[in-house]
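Enquirer: One structure follows; several queries about it will come next.
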Amino acid sequence: MQAGKRGAFSWPEVAGAEEARLATGKHGGENPASGELPVDAGARPGMVSGMILVEAAESSLRVTIPTDEVPPERVSAFVDWLRLEALARRSRLTEEEAGQMAEAAKASWWAANKDRFIPPGEA
């Protein structure tokens, strides 16, 4: 899909654009050419393209997504991504440690499953 078509975005891009919009304090009339999110003229304040409502409080955000606009599995995937992002931000794991863990997991999986791919006696 080309950028600009419905469904052609990734959730991180949407979240980043929404963070930028909220940081500027703009809740309507943004200029799409400037890279800010467009807001429908008839939409409530904070309503992005007549679909997603984002309300900012002191220490949280409330996102309202109409169930008839976004399939539940996409919302679930987005929430999973947010949870993973929050965990990653709190992690003190280094890239090197992560690489070592990945290699250990792959080696363990291969040891447990190689017989499924290479018949015994051929290895």
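The values are calculated or read from the model by the stated rules, or taken from the named source; none is laboratory data. Bear in mind the structure is a predicted one, so any value in this text is a computation, not a measurement. Neighbour counts run over all protein chains shown; Cβ positions are idealised from the backbone, glycine included.
Enquirer: Every residue in the range 65-101 that is hydrophobic (A, V, I, L, M, F, W, C) and in a helix (DSSP H, G or I), please. Can you show your working first?
Expert: Just the residues of the range 65-101 that are hydrophobic (A, V, I, L, M, F, W, C), to begin with: 65, 70, 75, 77-79, 81-82, 84, 86-88, 93, 98, 101.
Those that are hydrophobic (A, V, I, L, M, F, W, C) and in a helix (DSSP H, G or I): Val75, Ala77, Phe78, Val79, Trp81, Leu82, Leu84, Ala86, Leu87, Ala88, Ala98, Met101.
Enquirer: Additional query: Scan Glu73, Glu97, Glu103 and give me the residue that is at pLDDT below 95 and of a type in the set (Asp, Glu).
Expert: Just a single option satisfies the conditions, and that option is Glu73.
Enquirer: Let me ask something additional. Within the range 65-81, can you find the residues that are under 8 Å from the mean Cα position of the chain (by Cα) and either of a type in the set (S, T, N, Q) or surrounded by 14 or more Cβ atoms within 10 Å (Cβ to Cβ) (or both)?
Expert: Answer for the range 65-81, where residues must be under 8 Å from the mean Cα position of the chain (by Cα) and either of a type in the set (S, T, N, Q) or surrounded by 14 or more Cβ atoms within 10 Å (Cβ to Cβ) (or both): Phe78, Trp81.
Enquirer: For a quick check of your reading of the model, give me the residue pairs whose first member lies in the range 106-123 and is exposed (fewer than 10 other Cβ atoms within 10 Å of the Cβ), whose second is outside any loop (DSSP other than H, G, I, E, B) and not β-branched (Val, Ile, Thr), with beta-carbon atoms closer than 7 Å and at least 6 apart or on different chains.
Expert: Listed pairs, sorted by first residue: Ala123/Lys114.
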